[in-house]
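Asker: Okay, here's the structure, questions in a sec.
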Amino acid sequence: MKYLLMIHSNPITWGHPSFLHTEEGKALPKKAREALAAQLDNLLNELDASGELINAVPLDPPAKTRVVRVREGVRATTDGPYSEAKEQLAGVFLIDVASQERAEEVAATIPEAGFFAVEVRPVSVFD
């Protein structure tokens, strides 16, 4: 079964490059960020080796987001994330695993699960 793991995060948690010049961007010490990055690398390597990883992609910071809406045939594009929350969609994993339980197990090992949340959603197949 295929699952999309949506990683929700606050971009300042890991000191995203767009926030490093601020005090907020230094909220997590460098050693802690490095440990979390190593944890993520290990997970990606494990999933790749097992054949469960289809793809994993990080997203640029929310400040680079553009939102597109079409109303009555007119397109309007605005800056910024769709939601005003501090937590934003930070990246996604697309995995192919044996069960929902395994998908949740993988989600629990993504470092951001310890700070915010990882949403686990089955992928539908078009008929």
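The values are calculated or read from the model by the stated rules, or taken from the named source; none is laboratory data. Keep in mind the model is a prediction, meaning the values are calculated, not measured. As a convention, Cβ positions derive from the backbone with ideal geometry for all residues, glycine included, and neighbour counts pool all protein chains shown. Note: areas computed on protein heavy atoms with side chains; ligands, DNA, RNA excluded. Shrake-Rupley method; radii C 1.70, N 1.55, O 1.52, S 1.80 Å.
Asker: Taking only protein heavy atoms into account and a 1.4 Å probe, give the accessible area per residue of region 56-127 in Å².
Answerer: Working: 5200 Å² over 72 residues.
Here the per-residue accessible area is 72 Å².
Asker: Follow-up. Calculate, in nm to one decimal, what Ala63 and Met1 gain on full extension: separation in residues at 0.36 nm each, minus their alpha carbon distance. Don't skip to the answer; put the middle values down first.
Answerer: Working: separation 62, 0.36 × 62 = 22.32 nm, distance 3.37 nm.
That pair, Ala63 and Met1, stretches by 19.0 nm at full extension.
Asker: Sticking with this structure for a sec: Of Glu105, Glu112, Glu72, which has the most accessible area and how do the rest follow, probe 1.4 Å? Could the numbers behind the result be given before it?
Answerer: Working: Glu105 95, Glu112 15, Glu72 190 Å².
Final ranking, largest accessible area leading: Glu72, Glu105, Glu112.
Asker: Cβ neighbours within 10 Å, averaged per peptide: list 89-96, 53-60 in order, most packed at the top. Don't jump to the answer; show the numbers that get you there.
Answerer: Numbers: 89-96: 19.1, 53-60: 13.5.
The most tightly packed comes first, giving 89-96, 53-60.
Asker: First measure r as the distance between the Cβ atoms of Phe115 and Thr78, then evaluate 1/(1 + (r/R0)^6) with R0 = 35 Å and state the FRET efficiency to the nearest 0.05. Before the final figure, lay out the partial values.
Answerer: Working: r = 28 Å, r/R0 = 0.79.
Once the sixth-power term is evaluated, E becomes 0.80.
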